[in-house]
Each structure stands twice: as C-alpha cells, then as structure tokens.
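Shown next, in structure tokens, is the structure this report addresses.
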Amino acid sequence: MRFHQSESAFFVFIAVILAAGVTTYFAYQNLHDIAGRVVEAEAVEAVEHLRKLLFGTGVLLATALFFGAFFIYPLIRTQVREEDKLRAMTASLSARSETLEQAALTDSLTGMQNRRYFDDALREYLEEFRRIDRPVGLMLLDLDHFKTVNDTHGHDVGDTVLRAVANCLKDMTRYHDVVARLGGEEFAVVAPNMDTDLLLKLAERIRKAIAATAVVSGNVRLKITTSVGLAIWDGKESADQFFRRADARLYQAKSLGRNRVCA
C-alpha cells in the first residue's frame, strides 16, 4: 500500500510518541526502584514528585497517541482520498479537454484538419518560412459539379465522394504538408518548401488521381473531377492576401472549364 506524504509524516509522529512513551515508562520504573532505596524524607518526597510527573507525561503521551490514531489520522486519510479523487478528476478533465481541442480542429466527416486548423497553420508556416527565406506553396481545390452529385444521388453519396477525395489527398501529400477540408467541397493543401514548378507538378498529379478515382456507393458509380488554384507566397503578403490570390486562381480554373490547374 502506498502512503501519502502527509500519512508518512503522521506515522513518524506516532513513532516518536511511542518512543517517548516507552522511554517515560522505563524512567518511571527506574524511579520506582530508586524510591524503594531512598530513606531520607525530602528525597522520598522529590522522587515521588518526579514519579507523578512521569506518570502524567505518560498519560499525556497515551492521550496524544489515542487522539492521533482515532481522530487526526482519519481526517488525514479523508483528505488524501479527496486529493486523489481531485487529481484523477483533473487528469480526466485534461484528457477530455485535449480530446475536445483535437475534435475542434478536425473535420468529422473526412478526418482531415478543418478550416480553423488550416488558418492557424498557414499563419504559422508563413511566419517560420519568412525567417529562413524559403517558399511556401498553397493549393486550393474545389470539386466540379458537386452540388449535382448531392441533388441527384443524395448526401450520403456526396459524403462518400468527399471521403474518397480526402483519402486521395492524404495519400499524395507529404507528412509535413497541411491538408484540410475548408468546408463543403473545397479542400486546401499548404506545401512548404515548394516552388511553382514543383507545386504545379504535385497539383497535376493530384488532379489526375482524383479524376481516375471511381467512387462506388451501392449501385452508384461516379467519376469526379476537381479544379485547382495555386499560389507561391511572395514573402511579404499576409496569410489572407496569400489565400485570396490562390482563390483567384481557383476561380480562373473553374471559369476556364474546370478539371484543370491554374497557377
């Protein structure tokens, strides 16, 4: 059984009282033996007085021992239990808080990061890469004619399409890329340390992979395409300005006929 620090201190205190009690008892016995050999009246009276003092000390020690064992220790034990419960509750609340925080940053449908996470990550990436003067690429993707999928086949099929696209993006990006669902049928990829040529090649591979993905849900088999807008951070613009520039390229890709990449 593991004892709390306060309990250990209490047991040491009790041990000291017991040791003092035993010492007092032996002193009392020795004094009793001496009293039998003393003949002078004044000496007998002094020894008797000392015996009474030792006896009183023994009574006080016994009282302290009794009071500590039956009153103080139960209070300490109760406080220890309450402290353990509070510690367990704190740990549980902390774990729950982390879980809720993670849930707040994750898209429940696809398991990807959500818009809140993306916004924070994009600002942090720009801040860090400004210091080392390296490029940051941003890719915005919007599924073509997704509303028609929902209207024709229902939202369950639409959800299956979104999960399929999310899996494709996860498979084709690097571990340090930020891949997020911004909302609806729009996705984003923050690709650090990529210049225009590298980002364009990655975007084309992703576009072709999505176009080659067959989404099957029951008797429904769908082919989907996506429009992609790209931007490379110029090292000066804010995260919002950077995003709007990539978004303008996405709008251009859709206006030019969809299923294409514009950078």
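For residues in the stretch 103-115 being part of a helix (DSSP H, G or I) and closer than 17 Å to Ala166 by Cβ, which is modelled with the lowest pLDDT? Walk me through how you get there before you give the answer.
Going through the stretch 103-115, the residues part of a helix (DSSP H, G or I) turn out to be 103-104, 115.
Keeping just the survivors that are closer than 17 Å to Ala166 by Cβ gives 103, 115.
Details: Ala103: 58, Arg115: 91.
Among those residues, the one meeting the criterion is Ala103.
When you check Asp240 against the structure, is it loosely packed, with under 13 Cβ neighbours inside 10 Å and in a helix (DSSP H, G or I), yes or no?
Yes: the conditions hold for Asp240.
Pairs needed: first member in the stretch 145-167, assigned by TED's automatic domain parsing to the domain that holds Asn219; second member anywhere, of a type in the set (S, T, N, Q); C-beta distance under 6 Å; at least 6 residues apart or different chains.
Within 6 Å, the pairs are Val157/Ser217; Gly158/Asn150; Thr160/Ser217; Leu162/Thr110; Arg163/Thr110; Ala164/Thr213; Ala166/Thr110.
Checking Asp195 against (1) more than 12 Å from Leu162 (Cα to Cα); (2) of a type outside the set (A, V, I, L, M, F, W, C); (3) out of contact with any Gly (no Cβ under 9 Å at 6 or more places or on another chain), only one condition comes out false. Which one?
So Asp195 meets the others, but not (3).
Looking at (1) within 23 Å of Glu237 (Cβ to Cβ); (2) surrounded by 20 or more Cβ atoms within 10 Å (Cβ to Cβ), which is the one condition that is false for Ile206?
Every condition holds for Ile206 apart from (1).
Please pick out the residue among Arg77, Arg96, Arg81 that is over 30 Å from Glu186 (Cβ atoms) and at pLDDT below 70. Lay out the reasoning, then the answer.
Numbers: Arg77 fails: at pLDDT below 70; Arg81 fails: at pLDDT below 70.
Answer to the check: Arg96.
Which numbered condition trips up Gln252, out of (1) over 15 Å from Arg123 (Cα atoms); (2) touching a residue at least 24 places away in the same chain (Cβ under 8 Å)?
If we test Gln252 against (1) over 15 Å from Arg123 (Cα atoms); (2) touching a residue at least 24 places away in the same chain (Cβ under 8 Å), just (2) comes out false.
Out of the residues in the stretch 130-161 meeting the condition of being within 17 Å of Arg258 (Cα to Cα) and in contact with a strand residue (DSSP E or B) (Cβ under 8 Å, 6 or more places away or on another chain), tell me which one is surrounded by the most Cβ atoms within 10 Å (Cβ to Cβ). Before the answer, list the steps.
Taking the stretch 130-161 and keeping what is within 17 Å of Arg258 (Cα to Cα), we get 139-149.
Right, trim to in contact with a strand residue (DSSP E or B) (Cβ under 8 Å, 6 or more places away or on another chain) and you get 139-144, 149.
Values: Met139: 29, Leu140: 24, Leu141: 24, Asp142: 20, Leu143: 21, Asp144: 19, Val149: 22.
Among residues in the stretch 130-161 that are within 17 Å of Arg258 (Cα to Cα) and in contact with a strand residue (DSSP E or B) (Cβ under 8 Å, 6 or more places away or on another chain), the one surrounded by the most Cβ atoms within 10 Å (Cβ to Cβ) is Met139.
Which of the following residues is assigned to a helix (DSSP H, G or I) and assigned by TED's automatic domain parsing to the domain that holds Met139: Arg207, Arg181?
Arg207
Looking at (1) farther than 24 Å from Leu105 by Cβ; (2) at pLDDT below 95, which is the only condition Lys208 fails?
Lys208 satisfies every listed condition except (2).
The values are calculated or read from the model by the stated rules, or taken from the named source; none is laboratory data. Keep in mind that this is a model prediction, so the values were computed, not measured. Every residue, glycine among them, receives a Cβ derived from its backbone with ideal geometry; neighbour counts consider all protein chains shown.
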